[in-house]
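The values are calculated or read from the model by the stated rules, or taken from the named source; none is laboratory data. If you're wondering where the values come from, they're calculated on a predicted model, not measured in any experiment. Cβ placement follows ideal geometry from the backbone for every residue including glycine, while neighbour counts extend to all protein chains displayed. The area values use the complete protein model at the heavy-atom level, side chains included, leaving out ligands, DNA and RNA. Shrake-Rupley method; radii C 1.70, N 1.55, O 1.52, S 1.80 Å.
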Amino acid sequence: MNEFGKSGMIESLPIKLSGGDQPLYEEWLELDNGCLCCMAQDIAVRAIEDMVNKSPKQIDYLIIETSGLADASAVVSMFWLDQGLSSCLELDGVVTVVDAKFAEQNSIEFRCEWENQVALADVIILNKVDLVEKFAIDNVYKLIQGYNSHARIFYANHSRVEVDSLLHLKSYSTHKPIRHSDCAHTSSTSISTVILDNIPSLSYELFQQWLVDNLWESPKSRQILRMKGCLFLSNSCYLIQSVNELYDLTLIKDSILLSDVTSQLVLIGKALNKEDILRELNGCQV
């Protein structure tokens, strides 16, 4: 139970009661006034590892629900930095719920949290669409697209969507091709999406230096919140994934996958100028 504030008892009560004489849980980990994304990662990692090891049956899927104020990038980093988790779990994707009725208000009052959660999402559930007029839904849709034009958006009442829409996203895997969006990739917001196609073969060392310069030093106020794609580096094909300052380059060896791969890079962040980025990448050619 990951909640901001001492509301764990209220939040957990429906789950505890719904199990009747047979509880629906084996262990309850409550993080009072401690968000999973900041002060309790070690505790959460150990709890997840123990849950996986103690489970009498194979765990098919694990969903971590954070508080509405959480930094999703910090939670994502747990799965990259902890070797124990990476050995038994594979990060699938990030799902963000947006309140259609208060989206525009929240994007102003909680701008930092709103921007990061929407920008890092692979799937967005636009909830409470039954409470607003169609023109308002369209405005929120455009607002979301301005921050993240790459995420799939599903309309919902009471957060009801098909489970298959949320599972097996493979957003951090080599088994899913990058999806194009037909909408504009920039807007009046500070966050935008840039999609680069047909990138020439680059030097592995020079591209790594470009990653370091952009993810760790953030030149000219540029901030890359999320990056994913496939690139040919020094005559080999790599999957690139990054969340904030963390990044990973995975060599693609599967011949079947390689036959369908094209060089493409998707960047979501602040102050992203497509021409500048292209010029810098061209400077990384062998």
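Identify, please: which residue in segment 193-208 is within 24 Å of the chain's Cα centre (by Cα) and assigned to a helix (DSSP H, G or I) and is, among those, farthest from Leu281 (Cα to Cα)? That would be Gln208. All of (1) in contact with a Leu (Cβ under 7 Å, 6 or more places away or on another chain); (2) closer than 16 Å to Leu211 by Cα hold for Ser263 with one exception: (2).
Give me the residue from segment 229-246 that is farther than 18 Å from Gln117 by Cα and not in a strand (DSSP E or B) and, out of that set, most open to solvent (accessible area, probe 1.4 Å). Talk me through it step by step, then tell me what you get.
So the first thing to find is which residues in segment 229-246 are farther than 18 Å from Gln117 by Cα, and the list is 229-240.
In the following step, the residues that additionally are not in a strand (DSSP E or B) were identified as 234-235.
Working: Ser234: 51, Asn235: 148 Å².
So the residue we want is Asn235.
Among the conditions (1) open to solvent by 90 Å² or more (accessible area, probe 1.4 Å); (2) part of a loop (DSSP other than H, G, I, E, B); (3) of a type in the set (A, V, I, L, M, F, W, C); (4) at pLDDT 60 or above, the only one that Ile108 does not satisfy is (2).
Evaluation of Cys284 against the conditions (1) open to solvent by less than 50 Å² (accessible area, probe 1.4 Å); (2) more than 18 Å from Ser77 (Cα to Cα); (3) modelled with pLDDT under 90 shows that the sole unmet condition is (3).
Can you tell me which residue in segment 203-228 is modelled with the highest pLDDT, limited to those that are hydrophobic (A, V, I, L, M, F, W, C) and open to solvent by 60 Å² or more (accessible area, probe 1.4 Å)? If you could, list the steps in order and put the result at the bottom.
Of segment 203-228, the ones hydrophobic (A, V, I, L, M, F, W, C) are 206-207, 210-212, 215-216, 224-225, 227.
If we keep only those that are open to solvent by 60 Å² or more (accessible area, probe 1.4 Å) too, we end up with 206, 216.
Numbers: Leu206: 96, Trp216: 84.
It comes out as Leu206.
Looking at this structure, is Leu249 without any contact (Cβ under 8 Å) to a residue 40 or more places away in the chain and either surrounded by fewer than 18 Cβ atoms within 10 Å (Cβ to Cβ) or part of a strand (DSSP E or B) (or both)? Write out each step before concluding.
Numbers: without any contact (Cβ under 8 Å) to a residue 40 or more places away in the chain: no; either surrounded by fewer than 18 Cβ atoms within 10 Å (Cβ to Cβ) or part of a strand (DSSP E or B) (or both): yes.
No: the conditions fail for Leu249.
Total residues in segment 32-74 satisfying the condition of being in contact with a helix residue (DSSP H, G or I) (Cβ under 8 Å, 6 or more places away or on another chain), modelled with pLDDT of 65 or more and open to solvent by less than 70 Å² (accessible area, probe 1.4 Å): the figure is 14.
Restricted to segment 130-155, and to residues that are hydrophobic (A, V, I, L, M, F, W, C) and under 15 Å from Thr96 (Cβ atoms), which residue is surrounded by the most Cβ atoms within 10 Å (Cβ to Cβ)? Give the derivation first.
The first filter runs over segment 130-155 and keeps only residues hydrophobic (A, V, I, L, M, F, W, C), leaving 131-132, 135-137, 140, 143-144, 151, 153-154.
In the following step, the residues that additionally are under 15 Å from Thr96 (Cβ atoms) were identified as 140, 143-144, 151, 153-154.
Details: Val140: 21, Leu143: 18, Ile144: 23, Ala151: 26, Ile153: 18, Phe154: 18.
Only one residue tops the list, namely Ala151.
Of all the residues in segment 77-97, those that are part of a helix (DSSP H, G or I) and at pLDDT 80 or above number 0.
Are any of the residues in segment 172-192 assigned to a loop (DSSP other than H, G, I, E, B), modelled with pLDDT of 85 or more and either open to solvent by less than 70 Å² (accessible area, probe 1.4 Å) or not acidic (Asp, Glu) (or both)? No, every residue in segment 172-192 fails to be assigned to a loop (DSSP other than H, G, I, E, B), modelled with pLDDT of 85 or more and either open to solvent by less than 70 Å² (accessible area, probe 1.4 Å) or not acidic (Asp, Glu) (or both).
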